[in-house]
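Q: Mind looking over this structure? Questions follow.
The values are calculated or read from the model by the stated rules, or taken from the named source; none is laboratory data. Being a predicted model, the structure only gives us computed values, none of them experimental. No Cβ is skipped: glycine too gets one built from the backbone with ideal geometry, and neighbour counts run over all protein chains shown. When the accessible area is computed, the model is the full protein with side chains, heavy atoms only, and any ligands, DNA or RNA have been set aside. Shrake-Rupley method; radii C 1.70, N 1.55, O 1.52, S 1.80 Å.
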Amino acid sequence: MREPRFWYPPRRGAAPLLPSRLLAPAGWLFGMAGRIRRRRAVSERAAVPVICIGNLTAGGAGKTPVALTIAERLMAAGEVVHFLTRGHGGRERGPIRVDPARHSAADVGDEPLLLAAAAPTWVSARRPEGAAAAVRGGARLVVMDDGFQNPYLAKDFSILVVDAASGVGNGRLMPAGPLRERIDDALERAHAIVLNGRGHAADGLAARARARGLPVFNAITRPVSPPDFAGVPLLAFAGIGRPEKFYRTLADLGAEIVETVDFADHHMYSERDALQLLVKARERGARLVTTEKDAARLTHAPVGSARARLREAAMQLPVRALIADIDTLMALIADAARRARRRQS
């Protein structure tokens, strides 16, 4: 899905555009349905602490890099961490443990393949069943990538990741705007906010969070061991929530980008897509580069296919979130995990 342009007005504080005003009743119904669902749901507690990395808006906030960073810090502290995710875009409903050697993005989604490279990862449409499967598989702590709005599995610590450059857009609920739920409802359940990237669009949200006593942390997404792009013309392509963030990262690394090609978030590349990208790169005399998430969608492409050639030809850029004052955030998570374990004992 591509985000509608009217979700993010060109000027902060601008009046909502006509499509947003026309869709406002549908947004009200969406928000009310979510509130009723959360109110009526019976939350189940896992046998281990559950840390949730979620967001307020549809796509593009940078949850997965934050989840990876936090999980790596927890594992370095001795925790046995398993990831739990719905597996957006995959056909498997689970619970199933992701096997990158066997599963493709069409099976489990792209993000679970990235998570599984760092720690055992479970895909489950029913989150309590997924958490139970992770515990049976040896998990001592579960990190959820997304699922903040899912009311059926109780969370011991929830982090809302917000894109600092785009904030909450026009502040309206889907489909009139990008919000998954009302801001105040979300802040009532959150334990911390991470503002990801540069910009001031989320300053108002941060102020509202601090007024409630919620800690707010700043983060930037940075490549892991970035290659040297000096003197290399690049054709960059991406099918993520906000491709411009990827291109900005490349530019910050000194890359010479001769062309960019955008696809919808979670786009599954076809043979035609792959062939067109290969031809464009050859015509421009450029090297192909993409995100780690996009590369995951090209795994298990048939040998000799255009998709297999594209995966082999394209450089990929793995990233992690660098969180300012992360020791304070990790201490809050550790306290929440200790409280959960005392309650479970």
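Q: Report, in debye and to the nearest 20, how large the dipole of the chain comes out about its Cα centre when Lys and Arg carry +1 and Asp and Glu carry -1 on their Cβ.
A: The calculation lands at about 1160 debye.
Q: Apply the Kirkwood formula to the range 103-211: the hydrodynamic radius equals the inverse of the mean of 1/r over all pairs of different alpha-carbon atoms; give it in Å with one decimal.
A: Numbers: mean 1/r = 0.0632 Å⁻¹.
Across the range 103-211, the inverse of the average 1/r is 15.8 Å.
Q: Further, regarding this structure: Calculated FRET efficiency, residue 228 and residue 91, Cβ-Cβ r, R0 30 Å, to nearest 0.05?
A: Values: r = 39 Å, r/R0 = 1.30.
My answer for the efficiency is 0.15.
Q: Still on this structure, I have one more. Work the Kirkwood hydrodynamic radius out for the range 1-61: mean of 1/r over every pair of different alpha-carbon atoms, inverted, in Å.
A: Working: mean 1/r = 0.0669 Å⁻¹.
Every distinct Cα pair counted, the radius reaches 15.0 Å.
Q: Rounded to whole Å, give me the distance from the Cα center of the range 17-75 to that of the range 165-233.
A: 13 Å
Q: For the chain, what is one quarter of the convex hull surface built on the Cα atoms, given in nm²? All intermediate terms of the calculation are to be shown ahead of the outcome.
A: Details: hull surface 71.2 nm².
Computing the convex hull of the Cα atoms and averaging its projections yields 17.8 nm².
Q: Non-local amide H neighbours of residue 83 (under 5 Å, H modeled in plane, Pro and chain starts lacking H): which ones?
A: Amide H neighbours of residue 83: 121, 122, 143.
Q: For the range 192-345, what class follows from the C-alpha gyration tensor (a ≥ b ≥ c being the square roots of its eigenvalues): rounded when a/c is under 1.5, otherwise prolate if a/b is larger than b/c, else oblate?
A: Prolate.
Q: Kindly sort 200, 88, 267, 103 by accessible area of their heavy atoms, largest first, with the probe set to 1.4 Å.
A: 200, 88, 267, 103
Q: Give the calculated FRET efficiency between residue 313 and residue 76 to the nearest 0.05, with a Förster radius of 35 Å applied to their Cβ-Cβ distance.
A: It comes out at approximately 0.50.
Q: With Cβ to Cβ distances under 9 Å as the rule, what net charge do the other residues near residue 84 carry (K, R +1; D, E -1)?
A: Result for the neighbourhood of residue 84: +1.
Q: Based on C-alpha coordinates, I'd like the Rg and Dmax of the range 123-170, in Å.
A: My reading of the Cα-based Rg and Dmax gives 13.6, 43 Å.
Q: Once fully extended, how much extra length lies between residue 252 and residue 125, figured as 0.36 nm per residue of separation less the alpha-carbon to alpha-carbon distance?
A: Contour length minus the Cα-Cα distance gives 42.0 nm.
Q: Next up: Considering the zone a paramagnetic label at residue 200 would reach in this model (a point 7 Å from Cα along the Cα-to-Cβ line), which residues of the range 135-165 have amide N under 16 Å from it?
A: Answer for the range 135-165: 164-165.
Q: Using θ = phi - 60° and the Karplus curve 6.51 cos²θ - 1.76 cosθ + 1.60, what whole-Hz ³J(HN,Hα) does each residue of the range 292-306 get, with Gly and Pro shown as x?
A: 4, 5, 5, 4, 4, 6, 9, 5, 6, 5, x, 4, x, 6, 5
Q: Continuing with this model, one more query. Most mobile of 98, 80, 50 per a Gaussian network model of the chain (Cα springs, under 10 Å)?
A: Per the Cα network of the chain with a 10 Å cutoff, 80 tops the list.
Q: Note down, for the range 39-113, the three equivalent ellipsoid semi-axes (square root of 5 times each alpha carbon gyration tensor eigenvalue), biggest first, whole angstrom.
A: In descending order the semi-axes read 20, 18, 16 Å.
Q: May I ask you to give the percent of accessible area on the chain that is carbon plus sulfur, with a probe radius of 1.4 Å? Please list the in-between numbers first.
A: Values: 8230 of 15630 Å².
So the carbon and sulfur contribution to the accessible surface is 53 percent.
Q: For the range 164-273, compute Rg over Rh where Rg is the Cα radius of gyration and Rh is the Kirkwood radius from the inverse mean 1/r over Cα pairs.
A: 1.05
Q: Can you list, bin by bin at 10 Å, the percent of alpha carbon pairs in the range 27-152, starting at 0?
A: Using 10 Å bins, I get a P(r) of 13, 44, 34, 8, 1 for the range 27-152.
Q: Averaged over all directions, how much area does the convex hull of the C-alpha atoms of the range 281-345 cover when projected, in nm²?
A: In nm², the orientation-averaged hull projection of the range 281-345 is 8.1.
Q: List, largest first, the extents of the alpha carbons of the range 229-279 along their principal axes, each in whole Å.
A: Its Cα atoms span 31, 25, 11 Å along the three principal axes.
Q: Placing +1 on the Cβ of each Lys and Arg and -1 on the Cβ of each Asp and Glu in the chain, which of 246, 304, 162 has its Cα farthest towards the positive end of the resulting dipole?
A: Checked the options; the winner is 162.
Q: For residue 316, list long-range residues whose amide hydrogen, built 1.01 Å from N in the peptide plane, is under 5 Å from its own amide hydrogen.
A: Answer set, sorted by chain and number: 290.
Q: Separate question: Quick check: residue separation of residue 327 and residue 40 times 0.36 nm, minus the Cα distance between them. What number comes out in nm?
A: Details: separation 287, 0.36 × 287 = 103.32 nm, distance 3.65 nm.
Gain in length upon complete extension: 99.7 nm.
Q: Right, next: Between residue 268 and residue 305, what is the label-point separation in nm under the 7 Å Cα-to-beta-carbon projection?
A: Taking the two extended label points, one gets 1.0 nm.
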